[in-house]
Each structure stands twice: as C-alpha cells, then as structure tokens.
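Beneath this line is the structure, given in structure tokens, with notes to follow.
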Ligand SMILES: Nc1ncnc2c1ncn2[C@@H]1O[C@H](COP(=O)(O)OP(=O)(O)O)[C@@H](O)[C@H]1O
Ligand SMILES: [Mg+2]
C-alpha cells in the first residue's frame, strides 16, 4: 500500500461570496506525480496556499505528510518545496546571496549552506553565474535559481 502524502476533505475557501475552492477532496500518494489542471481562476493557487497553511480554509481540512495544514503549517513548510509561476528572487542580490539568504531562513548552518549552494549551482549548471545579480540573468537561468531555492532545505 502506498502512503498518502497529500489529503484534503471538503476543502473550501470563500472570499466574500466567491468560492475559490469548493469542496475539494483528494488523496495523493507518495511518489505519485499529480497534475491539478484548470483554467485561470479555477482555484489551483488557492489550493496550494491552503495546503501549506498560507490561507485558512473556510471549511474542510487538508494535510500534507500527515501534518495538519492549519495547526502544523510551519512543519509542513520545512518539509515541502514550492515553485510558483512568479518566483521571487532579490533582483539586486547575486545568485549566491539569494540562495544563501533563503538557506538562512531555513536555519541551515553556514558550512552546510556553503556546501549545498555549491552543489546546487553545479547541478543546475549555473556555477559561472554565482556572482551575477539575479536580475541580470536570462529567464531560464532565473528559473533554475528559483528551483534551487525551492529545494535548498532538502524538502
Ligand atoms: N486573496 C484573495 N482575495 C479574493 N479573491 C481571491 C484571492 N485569491 C484568489 N481569489 C480569487 O479566487 C479565484 C481562484 O484564484 P486562484 O486560486 O488564484 O486560481 P488559479 O490559480 O487556478 O488561476 C479567482 O476568482 C481569484 O480572483
Ligand atoms: Mg494560479
């Protein structure tokens, strides 16, 4: 039997009379690649924000890795990596300083940060851009930095 890693039951989010998510129930298994598709405004981003506890549901509930999305959101955010369509990087900071900043946010100690960043920029083939400002990179390179950021804490 596979382990369920994401589960929602009747998950609902209402914004002033508008149901952004309405009674969503789903189960996602470990190792499963799950696509949640829908047109603009269908409620996909709201669902992700509910899962990670950035928003509280109007009703229903959600859990990630067995952790409750409302009461254990800090633990969830330590264990998941999220890459949105508009990744926020500090445009004037270098690739390295961006990654170091987000690693610090996750309380990763200095030596481990240095090693992790070194490995990530190598893995993503952007080691030669390490000292470039994020704002000066091509879109594809920025996206690579954003992925590196999303996995810097080994989610
Ligand atoms: N913070 C908010 N306040 C009010 N309405 C919101 C908010 N966030 C999203 N919505 C509305 O909820 C609906 C779903 O949005 P969203 O989850 O961003 O859709 P998707 O990511 O699928 O394009 C949209 O109608 C959007 O305008
Ligand atoms: Mg969206």
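The values are calculated or read from the model by the stated rules, or taken from the named source; none is laboratory data. Keep in mind it's a predicted model, so treat the numbers as computed, not measured. We place every Cβ from the backbone using ideal geometry, glycine too, and count neighbours over all the protein chains shown.
A few notes on this one:
- A single entry from 84, 71 fulfils the requirement of being at pLDDT 95 or above and under 26 Å from residue 52 (Cβ atoms): 71.
- Residues (assigned to a loop (DSSP other than H, G, I, E, B) and more than 16 Å from ligand 2 (Cβ to nearest atom)) located in the stretch 35-77: 53, 56, 57, 58, 65, 66, 69, 70, 71, 72
- Cross-chain or 6+ apart pairs with Cβ under 9 Å, the stretch 42-65 first and not assigned by TED's automatic domain parsing to the domain that holds residue 26, then outside any strand (DSSP E or B) and surrounded by 19 or more Cβ atoms within 10 Å (Cβ to Cβ): none
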